[in-house]
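The values are calculated or read from the model by the stated rules, or taken from the named source; none is laboratory data. None of these values were measured; they are calculated from a predicted model. When we count neighbours, we look across all protein chains shown, and the Cβ atoms used for this are built from the backbone with ideal geometry, even at glycine. Heavy atoms of the whole protein, side chains included, go into the accessibility calculation; ligands, DNA and RNA do not. Shrake-Rupley method; radii C 1.70, N 1.55, O 1.52, S 1.80 Å.
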2 protein chains.
Amino acid sequence: MNVNRQFRLARRPQGMVKREDFAFVRGPVPEPGDGEFLVRIAYISLDPAMRGWMNEGKSYVPPVGLGEVMRAGAVGEIVKSKHPKFAVGEHVVGLFGVQDYAVSTGKGVTRVDPTLAPLPVYLGTLGMPGMTAYFGLLEVGKPRAGDTVVVSAAAGAVGQVVGQIARIKGCRAIGIAGGPEKCRYVTDTLGFDACIDYKHADVKKALKQHCPQGINVYFDNVGGEILDIVLTQLAMHARIVICGAISQYNATTAVKGPSNYLSLLVNRASMTGMVVFDWADRYAEATRELAGWLTSGRLKTREDIAEGLEQFPEVLLKLFKGENIGKLVLKP
Amino acid sequence: MNVNRQFRLARRPQGMVKREDFAFVRGPVPEPGDGEFLVRIAYISLDPAMRGWMNEGKSYVPPVGLGEVMRAGAVGEIVKSKHPKFAVGEHVVGLFGVQDYAVSTGKGVTRVDPTLAPLPVYLGTLGMPGMTAYFGLLEVGKPRAGDTVVVSAAAGAVGQVVGQIARIKGCRAIGIAGGPEKCRYVTDTLGFDACIDYKHADVKKALKQHCPQGINVYFDNVGGEILDIVLTQLAMHARIVICGAISQYNATTAVKGPSNYLSLLVNRASMTGMVVFDWADRYAEATRELAGWLTSGRLKTREDIAEGLEQFPEVLLKLFKGENIGKLVLKP
């Protein structure tokens, strides 16, 4: 407990993120001031959204400044405190960044209970990805029992939860994922009705086969080609939830717009963007319901845990190469 | 009253519609059978949607078959009747096709009152374009007083009504149209707050200027480049109504998808397709309200009347060249 290692943003990446886009620095462990506490980070969340935060320009949050610690969600234990409401030994989640230790005022920080679920789950199914799946599917996608719900990146942190909630709500869940191992996880472990391996199958043909009545809800995490194919298979009044577009985040050319968007017209369908922060006042409600399903075994979750803070750039790349199954986290 | 002239679809157009895509034929005026009546067509509606009806393949209505009379809305007078509910001398609107006379069973036919408004208005502001504007804006766009509503093809049959309804509902209305004459019509006659001439202005800069708080509702009739620019200027929770995409209907290459669609995510915005037929059971309500506004002078309408049935292919092209102001109709 002498050194705090950090990844700081050194330059704005062009295309795929590289190690040289960061500075890996070592410094003293900071001391919390009055009204602050010190967290020893146990797990760091690696999210596709981090790629967007590295870019210049307006988005739903400000970009990470050059020279700043790379922004990341993380979970850890409070090891020092001068804060009246946070005590040493408590476990907390917050935007603590890619480092070993963080000082916090408690703003945006949530207590978590390590006896209810392992700590990494609080970065996944009981964290932002779980909230995103819960509110994106239920509040934006508005599935009805009997609907066919398709989700891309189905073996990822958000996708795995989306399909399982769809099943719990009486829908058919069809995943799209890359490779046979992920697809087996999606059907055999998570219980989706089917999973389409986009690397080896004709996605359009497979969607026709698995969604003979068309797609009622599409929860999109990937954008690009797959979004365009899904648009050709919509049911009337379909709802597309735009949660992300991981296929486009490292693009150095213009984003590929969905050429088949006029299918929205033909099918009186909608495409709606969502950012999970808008439901912050209902996180507690969603957490309770998700935790209940986890406890009862109706909801499965998997975390893909990489080790070694110094590996951060390479581990982050696993996301964009589609190499993780379940929620990707880094144990410093 | 001896000859019925008709335009029949001879082949499926490639790119822009050509005269050779049709057969211009003359035949005897048909006789209505039992339960049918004969309409002498007074005005034929020319609509962007007609281009889509000429294509092979599934859409929201079946395509016009090769050899069939080209589908078109029209208004006319009943000149013979063997129908118990339709009498000679009544005026009716229906899908009577591009011809001088049509036999009808009354299916999909609506009586109109030529003393309330001139007949061409029943193909425009009191017809499908008016219904499209009314339900598309109010039910899909859901404008609130104070919102900024942007509409493309603002001097067209639908656009002219959209912006005026927006104003009636207490919104700011910004049009986009091609050329100074159309823009003057939109601002000076229709009373929009501004109109952007996309042929001569920097549309992005002009939208920034006229929509400093961002765009709350965008009613899109054109697609393509303009849709993509609008996406960069959305307000939070903006609603985009996808009514049409006239810029793309004659494209021989793939439709240009909106590259900036991830703005939907950042702004928690939606893009929803609409087809007016879904509100058929409420046309009477909309017609009453629109007619009321017309009578009181709050709603202006303009029809662009071309003459000569034999000119049909060239007149239709005026739509795609953006040469009409107001609702384009053909007087046979």
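Restricting attention to the stretch B:306-332 and to residues that are aliphatic (A, V, I, L, M) and part of a helix (DSSP H, G or I), the residue that is surrounded by the fewest Cβ atoms within 10 Å (Cβ to Cβ) turns out to be B:317.
The residue list A:194, A:173 contains one member that is in contact with a His (Cβ under 6 Å, 6 or more places away or on another chain) and open to solvent by less than 50 Å² (accessible area, probe 1.4 Å), which is A:194.
Taking first residues from the stretch B:276-305 that are in a loop (DSSP other than H, G, I, E, B) and partners that are open to solvent by less than 50 Å² (accessible area, probe 1.4 Å) and hydroxyl-bearing (Ser, Thr, Tyr), the Cβ contacts under 9 Å between residues at least 6 apart in sequence or on separate chains come to B:299/B:125; B:300/B:125; B:301/B:125; B:302/B:125; B:302/B:185.
What are the residues in the stretch A:117-147 that are outside any loop (DSSP other than H, G, I, E, B) and among the charged types (D, E, K, R), if any?
Here is the first cut: in the stretch A:117-147, the residues outside any loop (DSSP other than H, G, I, E, B) are A:119-123, A:128-141.
Within the stretch A:117-147, A:139 is the sole residue that qualifies.
Name every residue in the stretch B:267-289 that is within 15 Å of residue B:216 (Cα to Cα) and in contact with a Leu (Cβ under 8 Å, 6 or more places away or on another chain), in order of residue number. I'd like the intermediate steps shown before the answer.
Kept after step one, since they are within 15 Å of residue B:216 (Cα to Cα), are these residues of the stretch B:267-289: B:267-272.
If the condition is that a residue be within 15 Å of residue B:216 (Cα to Cα) and in contact with a Leu (Cβ under 8 Å, 6 or more places away or on another chain), then B:267, B:269, B:270, B:271, B:272 are the ones that fit.
For the stretch B:229-250, what are the residues that are part of a loop (DSSP other than H, G, I, E, B) and within 19 Å of residue B:166 (Cα to Cα)?
Of the residues in the stretch B:229-250, the ones part of a loop (DSSP other than H, G, I, E, B) are B:232-233, B:243-245, B:249-250.
B:233, B:243, B:244 - these are the residues of the stretch B:229-250 that are part of a loop (DSSP other than H, G, I, E, B) and within 19 Å of residue B:166 (Cα to Cα).
In the stretch A:208-229, which residues are among the charged types (D, E, K, R) and either facing chain B (nearest Cβ under 9 Å) or in contact with a His (Cβ under 9 Å, 6 or more places away or on another chain) (or both)? Hit for the stretch A:208-229 is A:228, nothing else. Among the criteria (1) open to solvent by less than 10 Å² (accessible area, probe 1.4 Å); (2) over 20 Å from residue B:232 (Cβ atoms), the one residue A:204 does not fulfil is (1).
Can you pull out the residues in the stretch B:50-99 that are open to solvent by less than 30 Å² (accessible area, probe 1.4 Å) and in a helix (DSSP H, G or I)? Matches in the stretch B:50-99: B:50, B:51, B:53. Residues considered: A:56, A:77, A:68. Of these, the only one that is within 23 Å of the chain's Cα centre (by Cα), within 30 Å of residue A:296 (Cα to Cα) and not aliphatic (A, V, I, L, M) is A:77. Within the stretch A:148-204, the set of residues being in a loop (DSSP other than H, G, I, E, B) and in contact with a helix residue (DSSP H, G or I) (Cβ under 8 Å, 6 or more places away or on another chain) comprises A:153, A:154, A:155, A:157, A:158, A:169, A:190, A:191, A:192, A:193, A:198, A:200.
Taking the criterion of being open to solvent by 10 Å² or more (accessible area, probe 1.4 Å), touching a residue at least 24 places away in the same chain (Cβ under 8 Å) and within 7 Å of chain B (Cβ to nearest Cβ), the only residue of the stretch A:230-255 that qualifies is A:255.
Residue-wise test of (1) buried (at least 18 other Cβ atoms within 10 Å of the Cβ); (2) under 21 Å from the mean Cα position of the chain (by Cα).
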residue: B:266; (1), (2): yes, no
residue: B:272; (1), (2): yes, yes
residue: B:282; (1), (2): no, yes
residue: B:298; (1), (2): no, yes
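Only one entry of A:302, A:288 meets the criterion of being open to solvent by 30 Å² or more (accessible area, probe 1.4 Å), more than 10 Å from every other protein chain (Cβ to nearest Cβ) and touching a strand residue (DSSP E or B) at 6+ places or on another chain (Cβ under 8 Å), and that entry is A:302.
A count restricted to the stretch B:32-49 and to residues that are outside any loop (DSSP other than H, G, I, E, B) and either surrounded by fewer than 16 Cβ atoms within 10 Å (Cβ to Cβ) or in contact with a Lys or Arg (Cβ under 6 Å, 6 or more places away or on another chain) (or both) stands at 2. Is it the case that residue A:325 is within 11 Å of another protein chain (Cβ to nearest Cβ) and touching a residue at least 24 places away in the same chain (Cβ under 8 Å)? The answer is no for residue A:325.
State which residue is most open to solvent (accessible area, probe 1.4 Å) when the search covers only the stretch B:117-164 and only residues that are among the charged types (D, E, K, R) and over 17 Å from residue B:274 (Cα atoms).
That would be B:144.
Step by step: first the residues of the stretch A:258-277, then only those that are within 30 Å of residue A:108 (Cβ to Cβ) and touching a Ser or Thr at 6+ places or on another chain (Cβ under 9 Å), then the one that is farthest from the other protein chains (Cβ to nearest Cβ). Which residue is that? Ranking the qualifying residues of the stretch A:258-277, first place goes to A:276. Report yes if some residue within the stretch B:242-258 is of a type outside the set (A, V, I, L, M), under 16 Å from residue B:124 (Cβ atoms), modelled with pLDDT under 95 and under 19 Å from the mean Cα position of the chain (by Cα); otherwise report no. Within the stretch B:242-258, one or more residues are of a type outside the set (A, V, I, L, M), under 16 Å from residue B:124 (Cβ atoms), modelled with pLDDT under 95 and under 19 Å from the mean Cα position of the chain (by Cα). Scanning the stretch A:100-116 for residues that are open to solvent by 30 Å² or more (accessible area, probe 1.4 Å) and either assigned to a loop (DSSP other than H, G, I, E, B) or touching a residue at least 40 places away in the same chain (Cβ under 8 Å) (or both) yields A:103, A:105, A:107, A:108, A:110, A:113, A:114, A:115, A:116.
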